[in-house]
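Mind looking over this structure? Questions follow.
Just so it is clear, none of the values below were taken in a lab; they were calculated from the coordinates. Because the structure is predicted, anything quoted here is derived from the model rather than measured. Using ideal geometry, Cβ is built from the backbone for each residue, glycine included, and neighbour counts are taken over all protein chains shown.
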Number of protein chains: 2
Amino acid sequence: MTASRIYPGSGHVDFVGAGPGDPDLLTVAALKAFAAADVVLHDRLISDAVLALAGETATLVDVGKAGFGPSWKQGDIDALLVDHASRGARVVRLKSGDPTVFGRLDEEIDAVSAAGISWRIVPGITAASAAVAGIGQSLTRRGRNSAVRFLTGHDMQGFADHDWTALARPGAVAAIYMGKKSARFVQGRLIMHGADRATPVTLVENASRPDQRVLATTLDRLPADLAAAEMDGPALTFLGLAPRDAATALSTINKELA
Amino acid sequence: MTASRIYPGSGHVDFVGAGPGDPDLLTVAALKAFAAADVVLHDRLISDAVLALAGETATLVDVGKAGFGPSWKQGDIDALLVDHASRGARVVRLKSGDPTVFGRLDEEIDAVSAAGISWRIVPGITAASAAVAGIGQSLTRRGRNSAVRFLTGHDMQGFADHDWTALARPGAVAAIYMGKKSARFVQGRLIMHGADRATPVTLVENASRPDQRVLATTLDRLPADLAAAEMDGPALTFLGLAPRDAATALSTINKELA
């Protein structure tokens, strides 16, 4: 942090979407915010390739809320944002994907806003967009689905409840964030509401990253295949989508991602 | 198109998301594809600021399917993609927002793939992400909604039918694409299914562009307020979201967009 950047009382917070991991999926706006930052508070899932793009004088702080090791509480993150910005720093709050999609954005905006600090949201490529591009599919398709849902596998109460009747219908497409642990729960709810066991389900682990992996399965085989795949990285689960099956397409995708 | 770029038989098509209009919301991957393109086939809605970023030697072709003037048929666009790529050109098919969201992507991939031409999808910032950032809100929020729907206002059969019962519930959040013409239809369906007439509805016209406009209304007043606003540009309609009302936030948003 250079002294010349500190203007007491004129700090600012940019809530920036870092995209799914590939640094080429950052927006120009994100790069600009990143380059101008005095302090970058980032989640655990942000890739090293993305963090390497921060300006040389920026201070990087990992405020990840991981399951293991010291864990940051939301209130502490809020306080840190306000503290840095109140002292005049340009702060980037870097969130994986798009900050408005399952990003716990509101608490942080409320804290910054209550402190009278200016802020801005810089959108990012969300995991669903990157993952569906990685399997060569569309989230929507004429004649198949005129709506797509983004869901979370779990919420504050545990496994999240959803509109299972609608999701169980033929042609329904949903992108499930953080859906690995809830896979068996989701499977049970959907089958109970009449979903076809042969409904395609595709998981994309580490979407857009060099170690991206695709698991194509069915609702029936989801828990077994997921357990066998031993996915450790963040994964996006698509209900109702299979990878585009043309050999040309898949060979291209693999080549582009290699 | 420079001769040195033409390698017969090795053409390629990148389906690239141009984002919502602000050139700073292009990804680095989009810029790279754009700079390497021999031919760019683009929709009508792509902003001039974005088109100005194409490489100097690239040929720009407007294949927009506008309501007025000569209109391109989907089959003609498919044929043009195949024709250019078959002759060895690097083609960018530039689509507004994210190509996988209401982008008519599948027909074009099918055509390119059937011709044995390699292709790739480059994700973009979809209108919902840019518009919600513009009103300082999140698409999802703990305790309010653990799912968000992207819908289209109309499909091949006319006004699109949706799961109105679920959408009518308190706390439901949906981003409606191309929703201006269907506003009265959507209002009617939702109220018929028990939606509160006071449900907030927000329209964002020309999201992310210098001429962005925000219309904050309610389900009850939607048709009247929309008619009075006379919005000519593309608009994203949020069901269940109001602009963040803290004065600090709004003044910041307006300042940043000015």
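Relative to the other copies, what are the label-point distances for B:K32, with labels 7 Å from Cα along the C-beta vector, expressed in nm at one decimal and sorted shortest first?
2.2
For a test of understanding, tell me how many lysine pairs in chain A have Cα atoms under 24 Å apart, given they are 8 or more places apart or on different chains.
Qualifying lysine pairs in chain A: 10.
Moving on to the next point. Measuring nothing but label to label, 7 Å from Cα along Cα→Cβ, what are B:D211's distances to the other copies in nm, shortest first?
With the label placed 7 Å along Cα→Cβ, B:D211 yields 4.8 nm.
Quick one: Karplus J couplings for segment B:116-126, per residue in order, coefficients 6.51, -1.76, 1.60, θ = phi - 60°, nearest Hz, x for Gly and Pro?
x, 9, 6, 8, 8, 9, 10, x, x, 6, 7
Further question: Search the structure for amide H atoms under 5 Å from the amide H of A:V173, placed 1.01 Å from N in the peptide plane, and list their residues when 5 or more places away or on another chain.
Amide H neighbours of A:V173: A:R149.
Here's something else I'd like to know. Around A:S96, which amide H atoms from residues at least 5 apart in sequence, or from another chain, sit under 5 Å from its own amide H, with H modelled in the peptide plane?
So A:S96 has HN proximity to A:A18, A:D43.
Right, something else. Relative contact order of segment A:172-224, please, whole-number percent, based on alpha carbon pairs below 8 angstrom and at least 6 residues apart.
So the answer I get is 35 percent.
So in the protein assembly as shown, what percent of DSSP beta bridges are antiparallel if you round to the nearest 5?
50 percent
State, to one decimal in nm and shortest first, how far the label point of A:E230 sits from each corresponding label point in the other identical copies (label point: 7 angstrom along Cα-to-Cβ).
Distances between equivalent label points, in nm: 6.7.
At most 13 other C-beta atoms within 10 Å and a DSSP loop state: those are the exposed GluC sites (Glu not before Pro) I care about. Give me the longest piece of chain B that has none.
The longest such stretch corresponds to B:57-229.
Using the basic label-point model (7 angstrom from Cα toward the beta carbon), what is the B:L53 to A:L53 distance in nanometres?
Label at B:L53, label at A:L53, 1.1 nm between them.
Taking every DSSP beta bridge with both residues inside chain A, roughly what % is antiparallel (nearest 5)?
45 percent
For segment B:127-257, what mean projected area does the convex hull of the alpha carbons give, in nm²?
The Cα convex hull of segment B:127-257, projected and averaged over all directions, gives 7.7 nm².
Quick one: Karplus J couplings for segment B:129-141, per residue in order, coefficients 6.51, -1.76, 1.60, θ = phi - 60°, nearest Hz, x for Gly and Pro?
5, 5, 5, 5, 4, x, 10, x, 10, 9, 6, 10, 7
With θ set to phi - 60°, apply the Karplus curve 6.51 cos²θ - 1.76 cosθ + 1.60 along segment B:41-48 and write out the HN-Hα couplings as whole Hz, x wherever there is a Gly or Pro.
9, 10, 6, 5, 7, 5, 6, 4
Right, next: If the chain between B:D196 and B:R44 were fully stretched, how many nm would it gain, using 0.36 nm times the residue separation less the Cα-Cα distance?
51.0 nm
Is it possible to state the helix-based mean residue ellipticity at 222 nm for chain B, with each DSSP H run of 4+ residues giving -39500 (n - 2.57), the sum divided by total residues, to the nearest 500 deg cm²/dmol? What is it?
Roughly -8000 deg cm²/dmol at 222 nm, from the helical runs in chain B.
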